[in-house]
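The values are calculated or read from the model by the stated rules, or taken from the named source; none is laboratory data. Please read all numbers here as calculations on a predicted model, not as lab measurements. Because the Cβ atoms are built from the backbone with ideal geometry, glycine has one as well, and the counts that use them run over all protein chains shown. To get the accessible areas, we keep the full protein, side chains included, count just its heavy atoms, and leave off ligands, DNA and RNA. Shrake-Rupley method; radii C 1.70, N 1.55, O 1.52, S 1.80 Å.
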Amino acid sequence: QVQLVESGGGLVQPGGSLRLSCAASGTIFNVMGWYRQAPGKERELVAEITSEGNTGYALSVKGRFTISRDNAKNTVYLQINSLKPEDTAVYYCNTHPPHFPWGQGTQVTVSS
């Protein structure tokens with residue numbers, strides 16, 4: 001069973017940037033996605049990337065988030081720029097649709 005470990009979150013001011021990483025313990029050929037879950041809300045998909053590198057984004061993050069992957073390292077990244085307070089959430093990665101057990105996620109807090 002592939003395990004997913006997210007990292008890179010933190011506390012940033014509005015307008016700041018972060019780069020999140022998701023390391024998988026095995027090779028993933030599937031579409032990979034970054035999800036987030038804000039307090040009191042359901043988990044939502046914010047970005048996805050195929051094994052060939054084709055990407056898709058939720059409207060709320062389009063133009064600010066960039067997903068990428070390094071298949072050789074079994075790692076998926078999420079560059080997040082122009083952060084807004086409403087981006088505050090725990091960020092997770094998984095296949096899309098979700099197939100593997102969820103990791104612990106990485107907390108992103110946007111606050112001045």
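What to note about this one:
- Packing-based order for 37-43, 1-7, using average beta carbon neighbours within 10 Å, highest first: 1-7, 37-43
- Two numbers describe the Cα atoms of the chain: Rg and Dmax, which are 12.9, 40 Å.
- Basic side chains Lys and Arg get +1 at the Cβ, acidic Asp and Glu get -1 at the Cβ, and with that the dipole of the chain about its Cα centre reaches some 140 debye.
- Sequence-distant residues sharing a close amide H with residue 46 (under 5 Å, placed H): 34, 35, 36
- For region 69-76, Karplus couplings with θ = phi - 60° (6.51, -1.76, 1.60), whole Hz, Gly/Pro x: 8, 10, 5, 5, 9, 6, 10, 10
- Considering only 99, 39, 3, the residue lying farthest towards the positive end of the dipole of the chain is 39, judged by Cα position with unit charges set on Cβ.
- Estimated inter-spin distance, residue 104 and residue 5, nm [label 7 Å along Cα→Cβ]: 1.0
- Both radii are taken from the alpha-carbon atoms of region 47-112; with Rh as the Kirkwood radius, Rg/Rh is 0.96.
- Rounded percent of accessible protein surface that carbon and sulfur make up, the chain, 1.4 Å probe: 49
- Note on residue 41: lysines with a C-alpha under 26 Å away, same-chain residues under 8 apart excluded, are 62, 84.
- Accessible surface, region 1-89, averaged per residue in Å² (probe 1.4 Å): 54
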